[in-house]
Each structure stands twice: as C-alpha cells, then as structure tokens.
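Structure record follows, encoded as structure tokens.
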Amino acid sequence: MITLGEMQISGMLTMMVLAVMLALCVPHRSKYGNSFGRARWMMAAGTGLIAVQFLLQHTFGFRQMGVTQGVLLNLLFFTPASLLCSMAILYVQRQGSVTRREWLVPSVICGVSVVILIGAALLDGVHIAEDSPKLRMAEYVCSVLYVLMQSFLFKHQYVAYKRLELAVDEYYDRERRDLFGWMGWSMKTMAVLAFFVPVVIFLEGSPLVVFSIVYFFCIAYSTISLYSYGISEDHQRVEAAESLTPSPSPKGEGSLEITQNHPYDPAITEAVECWKKSAAYREHNLTLGIVARQMGVAQRQLQEWLRQSEYGKLAELVASLRIEEAQRVLKDHPDWSIETVADHCGFNDRKYFHEVFRQHTGMTPLNFQRGQE
C-alpha cells in the first residue's frame, strides 16, 4: 500500500508537471483566443497551489503533527485551488463571459475561509504543533464554506453546460458530446469530491491516501482535457454551434414574435418539404447552417420552425428521415451489408446507426432486415 509520504510526493510532482504544461502552452498554438489563455493560467495556478500544498505537507510533516494541522493546510490551499480550477472550466464554457457576481461570490467565500483559518491559527494562543479546539471548529466552518462555494460554482457550470448542449444538439445532425463531454465529467467529479472533502480530510491513514489520489487524478483529467480542448479544433466546432445558433428565446414578447413570424411560415414549410424530397439529408456531417443554405431559408427561421415542430431540433429531423430511408433500403436491398446501408443513409458509423435505428423502430437493423426476408 502506498504511504502518505509517497502519495504527497506523487501528488506534488503530478501537479507541478500539469502546471508547467499549462504555463508553457505556446500561445499561438491555442486557437481559442484570450478566453482559453486566461483559463489555462487559472488552471495552472490552481494545480500549482495543490502542488505547493503537497510539498509543504511533506516537508514540514503537518499530517504527522496531527489531523488539525494537516486539515489547516488542506483547506488553505484546496479552497483557492478549487476556485481557480472551477472558474477555468466556467471561463471556457462561457468563452470568457463570466459575470462579476459569478467571480465575486465564490471569491468572497474563499477569502472569508482563508481569513477564518489564519485568524484561528494566530489568535487561539495554541502552538501550531499542538491540537487546538478553536482551530478545529474553524476548520469545520471552512469545510462547510468550501461545499457552499463549490455548489455555487457547479450550479453556474451546469447552466453553461446545458446551454452548450442545447446549442450543439440544435446545430449538428447528431449528438456531439465528444466535443465537450470532458466539461461535464470535470464539473461533476469536482462537485462530488467537494462533498467528500469536509469528511475525508479529517481522516487518517488509507482512506485519506485513497481520496487524495482520486482527487489529484480528477484534477489531472480536467487539466489535460482543458489543455487538449484549447489546442484542438473542438472548441471551434462548439463555438460555431453556440454563436450561429441563437439561444432559446425567453418567454415574452420577443419569443411570441418569433413564433408567429417564422415557424408557421408556409414558405419555410414548403422549403422543408422540398429538402426532404431532394434526399439531401443523406449527406454526412450536416449542420443547421448547411441545411438552411440548402433550403434557401434563414438559419434562425429554420431553427425556430424546428423548435415548434414535432422534431424539436435538426438531429431529430435528419434522424427520422434517415431511418425511413434505411427501412426502405433494407426492404429493397436485403443483400446490402449494414455498413453499406448506414453509409448510404448518411450515418457516420454502424454503432450510431444501430442506436438511432433501435430508438425509432424498437429493433436492430439486422433483425429488421431478416424480418423482411
């Protein structure tokens, strides 16, 4: 079993490598622009603080002094580190558009927590090497504040994630969680860990070692994913969906006006029907912009028409048409392979074709084909 000291050294080295990786990220390789540039520095600072925490724990033996001293150092560094890492993810989700309130509330909670911990350590009159009931109480309070801070951040991350999810679902002809799924995993794992921190950091031995390993591996995953996202093309695809696809209209006059002007316009309905007959839905990698151009209508009009229709979004419209075509082909060409049918109908791969076909028909393509024999 790995010892506490070995875990501290491993954690320190891992976090240092990640911080340096982000710090040395060549700016011109990042196609994401200033928002990713700021996010990577936040994440680098967060991982750097965690590395310093492990270094101090190992060098001065705070855990060997007692649980109270070790927890003091944990909270002093974990709280601002978690704030920075969480804000880095939110910053990327929002393309840098983080409100003053979203910065202020968690920053104040973090600042209050640090002041309480340092104040208790300096003013209780007990030497740092000895356990202090007052310091222990301060740590309980700050653990609760830590949970409140992470809950606040998770709430805003979740809203931003759902907004990205909606934009991508409405823009592409299929679900594209592969583009930004790491954000969901990162914010969920960090939120779950936040609720364990107030309990686990007061433990000793194996439970603490296991939790610490899980903690810095989750941070490592988020850091590497953010770095990869920033230097890849994925962010551009997500940005295209978010910027070209209007956000859901709020309830009120604006929403009513769009609904009245666009979705039931006979010209749009006719354009959609003509597009269906053209079989353009069989093309691979369609987007809302491509389909709107093919139909000769404005993208916003098509999006609002889809929202008010039985389909709801482009992916559903395209999937339903492709499945209808697949059923026809499977009946007329029983000698065709499933891969050939999938490619002919516009599906990128057999697995996705199986998934969508089963959702719409209740059976696999192969069983449907055999049923026609």
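The values are calculated or read from the model by the stated rules, or taken from the named source; none is laboratory data. Computed from a predicted model, the values in this text were never measured in an experiment. Please note: Cβ atoms are built from the backbone with ideal geometry, for glycine as well, and neighbour counts cover all protein chains shown. The accessibility values were calculated without ligands, DNA or RNA, using every heavy atom of the protein model including side chains. Shrake-Rupley method; radii C 1.70, N 1.55, O 1.52, S 1.80 Å.
In nanometres, what is the gap between the two model label sites at Val105 and Lys134, each 7 Å from Cα along Cα-to-Cβ? For Val105 paired with Lys134, the spin-label model returns 3.3 nm.
Sorted from greatest to least, the principal axis extents spanned by the alpha carbons of the stretch 1-157 come out as 51, 36, 26 Å. Helix 350-361 versus the longest principal axis of the chain: what angle, 0 to 90°, nearest 10, using Cα atoms? Helix 350-361 sits at roughly 70 degrees to that axis.
Of the trypsin sites (Lys or Arg not before Pro) in the stretch 30-84, the ones in a loop by DSSP (not H, G, I, E or B) with at most 14 other beta carbons within 10 Å are Lys31. Close amide H pairs (under 5 Å, H built 1.01 Å from N) link Asp124 with no residue at least 5 positions away or on another chain. In order along the stretch 335-348, the Karplus-derived 3J(HN,Hα) couplings, from 6.51 cos²θ - 1.76 cosθ + 1.60 at θ = phi - 60°, round to 7, 6, 6, 4, 4, 5, 5, 4, 5, 4, 8, x, 7, 6 Hz, and Gly and Pro are given as x. The peptide list 202-209, 313-320, put in order of mean Cβ contacts within 10 Å with the highest first, becomes 313-320, 202-209.
Inter-part distance, the stretch 331-369 to the stretch 160-218, computed on C-alpha centroids, equals 34 Å. Rg then Dmax, both in Å and based on the Cα atoms of the chain: 26.4, 87.
Using equal-weight Cα scatterers in the Debye expression, the normalised intensity of the stretch 65-186 in log10 at q = 0.16, 0.23 Å⁻¹ is -0.78, -1.20. Remark: spin-label model distance Lys276-Thr340 equals 2.8 nm, labels positioned 7 Å along the Cα→Cβ axis. Here the Karplus curve 6.51 cos²θ - 1.76 cosθ + 1.60, taken at θ = phi - 60°, turns the phi angles of the stretch 45-61 into couplings of 5, x, 5, x, 5, 5, 4, 5, 4, 4, 4, 5, 4, 6, 5, 9, x Hz, with x standing for Gly and Pro. Mean residue ellipticity at 222 nm, helices only, the chain: -25500 deg cm²/dmol; runs of at least 4 DSSP H residues each add -39,500 (n - 2.57), and the sum is divided by the number of residues.
Going through the stretch 128-169, which GluC sites (Glu not before Pro) have at most 14 other Cβ atoms within 10 Å and a DSSP loop state? Within the stretch 128-169, the qualifying GluC sites (Glu not before Pro) (loop, at most 14 other Cβ atoms within 10 Å) are Glu130. Size estimate for the stretch 128-181 follows the Kirkwood approach: the inverse of mean 1/r over distinct Cα pairs works out to 14.4 Å.
With all protein chains in place and a 1.4 Å probe, the accessible surface of the chain carries 60 percent carbon and sulfur. Per residue, the chain exposes 47 Å² of solvent-accessible protein surface, assessed with a 1.4 angstrom probe and all protein chains in place.
First select every other residue whose beta carbon is under 11 angstrom from the beta carbon of Tyr158; then total the charges, Lys and Arg +1, Asp and Glu -1. Taking every Cβ under 11 Å from that of Tyr158, the sum is +3.
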